[in-house]
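What follows draws every value from the coordinates through simple rules; no lab data is involved. What you are looking at is a predicted structure, and each value in this text was computed from that prediction instead of being measured. All Cβ positions, glycine included, derive from the backbone under ideal geometry; neighbour counts span all protein chains shown.
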Amino acid sequence: MLKKLFKSFRSPLKRAARPRSTPEILGPHQHSLQRGQFSRNAVSVVDRLQKAGYQAYLVGGCVRDMLLGIQPKDFDVATSATPEQVRAEFRNARVIGRRFKLAHVHFGREIIEVATFRSNHPQGDEEEDSHLSSRNESGRILRDNVYGSQEDDAQRRDFTINALYFDVSGERILDYAHGVHDIRNRLIRLIGDPEQRYLEDPVRMLRAVRFAAKLDFDIEKHSAAPIRRLAPMLHDIPAARLFDEVLKLFLAGYAEYTFELLVEYDLFAPLFPASAKALAQNPEYTGKLIRQALANTDERIALGKPVTPAFLFAALLWPALPARAALLQARGMPPIPAMQEAAHDLISEQCKRIAVPKRFTLPIREIWDMQERLPRRQGKRADLLLENPRFRAGYDFLLLREEAGEQTGGLGDWWTDYQDASDSERRAMIRDLSSRPDEGGDAPARKRRRGGRNRKRGPRSDAPAGE
């Protein structure tokens, strides 16, 4: 039955995704790549492995990006040497991984990742007898340490554009899956049957979106077709792995477009279920806030400024928070405790899907907590808030909410002016709040002293108007 289903997806275009047994070889006059363009350390690793008698090539993203005129961040090597053989060749190499064992060769801060050629996984009884490879009931690969030939390795790679091998000695490109063709046509295409490849590793759906956003490519129609139906498979992926994948999706400089594609292919809900529900209920506000936060993130990355996952997750989850806090307030809980309890519940639920580390969940809650504290500016509160290490993040988040259309009564402008004001101007701004009946927060009224002289007093600067 599955074979018939797979056949129904086939077309002449799809056949191009089936690797050849022998590669198309592009010589130095057929492409623009030269060994001097690549990392010196990566080239030296390839040279040394080849001199030791192994096959070795630069592979994958670094070859793809160089063809596109993009400077790669990482340089990977594929070789016939096993991880242990690589370690024997390089004193500065370490073997890492269990699900996917490989070698890291260290050159100061640069790490060259060296992977052994992989082969197809054993099937049936052979798989049961293998300790190198295994799948779960849905077909997801749990271990991938079956080694093979370069041809096998090309077939095991996910996308055609990542199955390109660069031979530094002859400056040739070995193309097993028409990857150069797809680069020229700006297409993301899976190698092999898309449904089977997604079942093997559902994260490939996220990778398809990430590459499409990063490279401004289209996802080829047969590769795109099963994604919406198989999106729930992401629930089977460990939460810790999804955290790493989400960082790759949103912290690489093209987060806003990535979000659009995640929503388009129904991949956002498996990652952020509460936020997806808020997006469905209030698409204008939720969509605007998330898009603005992601656009700001992209801009900071483009300018070389630091970004923190805490602020990003705070923005992605915020639209689901106010309704929860309002429900608790309706049950009689004060605003700040209601916000804190709602935040705790929301983050706990989210961490079941994406394992956000505690070093980020604590700042997320502090940024949200600031949203309840920033309106309370009477007396010394404003100055104390300015000294809070989370003030800047909370203030930026307030401006983000206002940009998304939240009405805060000019709170963002007030805090902008307050930061730039002199001491005397700040005192005047605080006094002005005391004269406005709708400002100043909800500080409890102090009881009058019993006994002594009963003096008339005007309202204190740190008390609500009307006391």
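Which entries in the list Lys221/Lys352; Lys73/Lys101; Lys73/Lys221; Lys73/Lys352; Lys288/Lys380; Lys101/Lys358 go over 26 Å, if you measure between the two C-alpha atoms of each? All intermediate terms of the calculation are to be shown ahead of the outcome.
On the way: Lys221/Lys352 32 Å; Lys73/Lys101 21 Å; Lys73/Lys221 29 Å; Lys73/Lys352 31 Å; Lys288/Lys380 34 Å; Lys101/Lys358 28 Å.
Those over the limit are Lys221/Lys352; Lys73/Lys221; Lys73/Lys352; Lys288/Lys380; Lys101/Lys358.
Please list, by residue number, every one of the trypsin sites (Lys or Arg not before Pro) in the range 301-409 that is coil in DSSP and has at most 14 other beta-carbon atoms within 10 Å. Let's see the in-between values first.
Values: sites: Arg324, Arg331, Lys352, Arg353, Lys358, Arg359, Arg365, Arg373, Arg376, Arg377, Lys380, Arg381, Arg390, Arg392, Arg401; in loops: Arg331, Arg376, Arg377, Lys380, Arg390.
Here the sparse-neighbourhood loop sites are Arg331, Lys380.
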